[in-house]
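The values are calculated or read from the model by the stated rules, or taken from the named source; none is laboratory data. Given the structure is predicted, the values throughout are model-derived calculations rather than measurements. Neighbour counts are summed over all protein chains in view; Cβ atoms, including those assigned to glycine, are modelled from backbone coordinates with ideal geometry. For the accessible areas, the whole protein counts, side chains as well, though only heavy atoms, and no ligand, DNA or RNA atoms are used. Shrake-Rupley method; radii C 1.70, N 1.55, O 1.52, S 1.80 Å.
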Amino acid sequence: MASTGMFGRPVVEGLAKRGVPVRATGRSEKALATLDAPGAEFVRADMDDPLSLIELMKGVDKVLVNAPMDHLKEIRERNVIEAMISSGNGAQIVLLTGGVEHDDALGQAGLATEKAMRASGLPWTVIGPQTVMESNFKPFRELIQVENMLISCVGDAKVGFVALSDVIDSFITVLTSSVEAHVGREYLITGPKAVTFTEVAAAASEALDRSIVYQDMPRDEFRRLMLTEAGFTESNVDIEVMCHLDAFRAGQATRVTHDFVSLTGKKPTTLSQWWIQNASFFLET
């Protein structure tokens with residue numbers, strides 16, 4: 001729904017560059033103005049303001065529903081779905097949901113949104129990325145540059161990391177297809193193989209041509225580091241960071257599917273390919 005975040009921005013830009021009519025929205029007009037989306041319509045709206053969403057839905061036939069992963073996620077996504085119902089358009093819900101199995105508040109919020117989606121009477125499709133490489137690896141750019149180190153607190157758990165570009169291709173495929181092609185379908189988008197963080201470090205070492213080591217930390221120590229060094233607060237560190245790592249460590253992100261191949265006809269990006277493609281990000285100072 002928001003068009004300026006990690007998923008919304010590249011989806012909007014990708015659709016616009018393909019000549020697909022697209023309406024982009026967000027709370028910040030300044031952020032909307034930075035979109036590289038020729039021909040797109042920019043409409044300011046706020047998922048916390050249901051009235052602003054009613055006007056937004058006029059004339060649309062598909063809506064990408066995605067709110068930030070925080071304590072308001074369920075409320076915001078329900079506001080969007082209710083606005084879609086109120087508009088009377090019968091538009092398709094294309095829901096971005098987490099591909100990692102969560103036995104926590106985030107998982108409960110996701111289930112509640114899916115329940116509202118199924119009860120809406122609207123056509124729907126679910127796309128759930130397992131967990132994207134960009135959000136797991138790029139935050140450690142400075143640590144990799146200075147210390148040649150990647151850190152986490154998941155032990156030797158395996159994770160089906162997926163490249164963001166593959167997730168975006170999946171959304172664009174659904175959004176540019178007929179409703180009938182994907183109605184009632186749930187796609188879990190993963191990489192081709194579940195890997196450990198030690199294997200991640202090995203792939204980084206090869207791509208960056210330097211020895212990168214993985215340092216596994218005690219959970220409490222890692223959480224404290226997120227608070228003191230990474231800018232998270234007590235109110236957001238658990239739902240934005242720790243709940244995901246807890247799920248990794250519990251083996252709840254190991255699934256690997258062929259949904260990306262069946263959906264797009266393309267092969268998923270491998271871990272090694274991702275590090276080669278993003279090497280300059282980690283090497284440039």
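Which whole-number percent gives the relative contact order of the chain, counting Cα pairs below 8 Å spaced six or more residues apart?
Values: 487 pairs, mean separation 51.4, N = 285.
With pairs under 8 Å counted, the relative contact order is 18 percent.
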With a ≥ b ≥ c taken as the square roots of the eigenvalues of the C-alpha gyration tensor of the range 22-142, please select rounded if a/c is under 1.5 and otherwise prolate if a/b is larger than b/c or oblate if it is not? oblate
Accessible carbon and sulfur surface of the range 1-104 relative to its total accessible area, %, 1.4 Å: 51 percent
With 32 Å as the cut-off, how large is the P(r) tail for the chain, expressed as percent of Cα-Cα pairs? 26 percent
Carbon plus sulfur fraction of accessible area for the range 188-285, probe 1.4 Å, in percent: 51 percent
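Per residue, how much accessible surface does the range 1-102 expose to a 1.4 Å probe? Answer in Å², no decimals.
On the way: 4800 Å² over 102 residues.
Ligands and nucleic acids excluded, the figure is 47 Å² per residue.
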Taking only protein heavy atoms and a 1.4 Å probe, what accessible area per residue, in Å², does the range 137-285 have with all protein chains in place? 49 Å²
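Counting only complete DSSP H runs, which helices of the chain cover 15 Å or more along their long axis at the Cα atoms and score a mean Kyte-Doolittle of -0.5 or above? Show your work: numbers first, answer last.
Values: long enough: 73-87 (21 Å, -0.47); 105-119 (21 Å, 0.11); 164-175 (17 Å, 1.54); 197-208 (16 Å, 0.94).
Helices meeting the criterion: 73-87, 105-119, 164-175, 197-208.
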Of Glu180, Glu229, Glu13, the most mobile residue in a GNM of the chain (C-alpha springs, cutoff 10 Å) is Glu229
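Kindly rank 231-240, 42-51 from highest to lowest mean number of other beta carbons found within 10 Å of each residue.
Peptide ranking by packing, descending: 42-51, 231-240.
Considering all alpha-carbon pairs of the range 116-172, what whole percent are spaced by more than 13 angstrom? Working shown, then result.
Working: 1151 of 1596 pairs.
The calculated P(r) of the range 116-172 puts 72 percent of pairs beyond 13 Å.
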Roughly how many whole Å is it from the C-alpha centroid of the range 115-134 to that of the range 175-238? 20 Å
Counting only C-alpha contacts under 8 Å and six or more residues apart, can you give the relative contact order of the range 22-167 as a whole percent? 17 percent
Over 26 Å (Cα to Cα) - which of Lys17/Lys158; Lys30/Lys58; Lys58/Lys267; Lys30/Lys73; Lys73/Lys193; Lys115/Lys158 fall in this group: Lys17/Lys158; Lys58/Lys267; Lys73/Lys193; Lys115/Lys158
